[in-house]
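The values are calculated or read from the model by the stated rules, or taken from the named source; none is laboratory data. The model shown is predicted, which means the values in this text are computed figures rather than measured ones. Here the Cβ is made from the backbone with ideal geometry for all residues, glycine too, and neighbour counts use every protein chain on show.
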Amino acid sequence: MAEESFQEKTEQATPKRREDARRKGQVARSSELSSIAILATGLLALSALGPYMFNGLSVFMVDALTNGMSVELDPATLHLTIGAWTLGYARIVAPIIALLVLAALAVNYAQVGVLFTLQPLTPKAERLSPLSGLKRIFSSKGLVELAKGLFKIGAVVYVTYLTIAADMDDFVAYMDMGVGQIFALSGEITLTLAFRIVLLLLVMAILDYSFQRWDYEKNLRMTRQEVREEVKQQEGDPMMRSRVRNLQREMSQQRMMDDVMTADVVVTNPTHVAVALKYDMENMPAPLVVAKGQRLVAQRIKEIARDAGIPLVENKPLARALFKVVRIGDEIPEDLFKAVAQVLAFVFQLKRGNEGNSL
């Protein structure tokens, strides 16, 4: 067992290993990709639905500050007024909220598919331990996450600086603009900066997802001993499987020996091979091989045939051909019809002769 613990995990994860990990909530997923996808959807929706939301909010605020001030609030009208305001505000923000929800569902489905499990929420003692928390923070994975965070902050600051520096002349022109123009230009610059930052973070998120996928596959790898143990658990102990196969073989052979009793003739070679044939002219299109065997099995077939009074016909070429070509339960092929017909004709003639003598 000590040697097994030092084995390298070189084998790909089995389907069972993957299913067990998925059941525990262990999947290749990047939370950053989900966040950036939602943020990008929000920006696109805001740029497309911005005029609609601006006009709607303007009308809403004007109505609330003019007509709303003239409404006499009392217990009878308070809930109606609040309900009307809530409904009016919901109509304005509902499209962008719906798009954000759809984006969140779509990006998570693209990463992990349909998955519902409460196992990650199960309380664990190590999660409550401050020492375990410190170990996670200062672990290699924690340091990697810290480096990623610092790199993202630096990249965002750099992109922000470049964007503001390129539009510095517009900021100076604010002194000659009205309030409406200042808001319009500021909104345009803000959206440009936001799209550049989102594009940068999206590239980082895709790289993070690729890393998470690679790390997930690496952690799922198994040693050869683990693969063997899993195969043993799924298929059972090799000795038990061998025992089951032997029992199945014995049962199949016993059924075959019982079918010998229904045969019309046994063709032999004469010592090593025996093939039992059955033919009903009214119900069968061609003779069937109901049993066959060689050596000890052939001897047993011949013993049963002798006890049951079934004729034994020696025909070496035919016996070998039937044993080699025809499986148990199959009809004989056309190229053996003539030889088998001659044997059956001899047997049936022999039976009729015996029946006539008995009369």
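Okay, residues lined up against (1) assigned to a helix (DSSP H, G or I); (2) in contact with a Cys (Cβ under 6 Å, 6 or more places away or on another chain); (3) under 16 Å from residue 262 (Cβ atoms); (4) in contact (Cβ under 8 Å) with a residue 24 or more places away in the chain:
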| site | (1), (2), (3), (4) |
| --- | --- |
| 289 | no, no, yes, yes |
| 292 | no, no, yes, yes |
| 307 | yes, no, yes, no |
| 313 | no, no, no, yes |
| 317 | yes, no, no, no |
| 323 | yes, no, no, yes |
| 335 | yes, no, no, no |
| 343 | yes, no, no, yes |
| 350 | yes, no, no, yes |
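If you check residue 205 against the conditions, is it surrounded by 13 or more Cβ atoms within 10 Å (Cβ to Cβ) and under 42 Å from the mean Cα position of the chain (by Cα)? So residue 205 passes the test. Inclusion of residue 99 among residues that are modelled with pLDDT of 85 or more, surrounded by 11 or more Cβ atoms within 10 Å (Cβ to Cβ) and in a helix (DSSP H, G or I) is warranted. Restricting the first member to segment 177-188 and to residues that are modelled with pLDDT under 75, and the second to residues that are not aromatic (Phe, Trp, Tyr), no beta-carbon pair is closer than 6 Å while six or more apart or on different chains.
One line per residue, one yes/no per condition, for (1) touching a residue at least 60 places away in the same chain (Cβ under 8 Å); (2) in contact with a strand residue (DSSP E or B) (Cβ under 6 Å, 6 or more places away or on another chain); (3) surrounded by fewer than 21 Cβ atoms within 10 Å (Cβ to Cβ); (4) outside any loop (DSSP other than H, G, I, E, B):
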{"site": "246", "(1), (2), (3), (4)": "no, no, yes, yes"}
{"site": "249", "(1), (2), (3), (4)": "no, no, yes, yes"}
{"site": "252", "(1), (2), (3), (4)": "no, no, yes, yes"}
{"site": "257", "(1), (2), (3), (4)": "no, no, yes, yes"}
{"site": "267", "(1), (2), (3), (4)": "yes, yes, no, yes"}
{"site": "270", "(1), (2), (3), (4)": "no, yes, yes, no"}
{"site": "274", "(1), (2), (3), (4)": "no, yes, no, yes"}
{"site": "283", "(1), (2), (3), (4)": "no, no, yes, no"}
{"site": "286", "(1), (2), (3), (4)": "no, yes, yes, no"}
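Select from segment 304-334 the residues that are acidic (Asp, Glu) and farther than 13 Å from residue 270 by Cα and write down the one among them that is surrounded by the most Cβ atoms within 10 Å (Cβ to Cβ). Show your work before the answer.
We begin by selecting, within segment 304-334, every residue acidic (Asp, Glu); these are 307, 314, 330-331, 334.
So of that shortlist, the ones also farther than 13 Å from residue 270 by Cα come out as 307, 330-331, 334.
Working: 307: 10, 330: 11, 331: 14, 334: 8.
Per the stated criteria, the residue is 331.
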